[in-house]
Amino acid sequence: MKTLKLFTFLCIVTLYSSCDNGESDNPLDFQLGQSFELAFGQSADCTCDNLTVTFAEVLEDSRCPSDVVCIWEGQARIKLNVQAPDGQHPLELISRAGHSDLARDTLDNLVYELLDVSPYPVSTRPIDEDDYRIELIVKELE
């Protein structure tokens, strides 16, 4: 009986591992024009070659907690490190309601845009730096 269970398990593992869905096996790759998520400290390589984006730092998170009424909505400021063919470049992006221009920066012929910063603050729970995630999109300058 144990042999049959082991055989069945091995067959399932073999079938699963041989499946190819055509997607990249590296979840840390991104394509120009498609949004992607980075955890704090994580890097992603562009499939366009010679470009790496790293979520380097949370510079500020003064967003109004979801369980509080504030007179100012606050903002989240993050720092990216972009490794391009000509060297490393820091970029600062700001997520603030009604100010989408602060969420974008241009480097060479590419626009880097911060789409979201999570988790959203709650007054009773501090956010550990390692819990932060950002959603970005990198696209060619139009």
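We did not get these values from a lab; they are worked out from the coordinates using the rules stated. What you see is a predicted model; the values in this text were computed from it and never measured. A quick note on method: Cβ atoms are made from the backbone with ideal geometry, for glycine too, and the neighbour counts reach across all protein chains shown.
Contact annotation: residue pairs with Cβ atoms under 7 Å, 6 or more positions apart or on different chains, pairing a residue in the stretch 113-142 that is under 20 Å from Val69 (Cβ atoms) with a partner that is of a type in the set (A, V, I, L, M, F, W, C), are Pro119/Ile127; Pro121/Ile127; Ser123/Val68.
Just to be sure before I move on: is Ile78 more than 16 Å from Gly33 (Cα to Cα), surrounded by 15 or more Cβ atoms within 10 Å (Cβ to Cβ) and of a type in the set (Val, Ile, Thr) in the structure I sent?
On the way: more than 16 Å from Gly33 (Cα to Cα): yes; surrounded by 15 or more Cβ atoms within 10 Å (Cβ to Cβ): yes; of a type in the set (Val, Ile, Thr): yes.
Judged against the criteria, Ile78 is a match.
Looking across the stretch 52-68 at every residue that is in contact (Cβ under 8 Å) with a residue 40 or more places away in the chain and closer than 13 Å to Leu80 by Cα, the one that is surrounded by the most Cβ atoms within 10 Å (Cβ to Cβ) is identified as Val53.
Of the residues making up the stretch 44-62, just one is polar (S, T, N, Q), more than 12 Å from the chain's Cα centre (by Cα) and under 30 Å from Arg125 (Cα atoms), namely Ser62.
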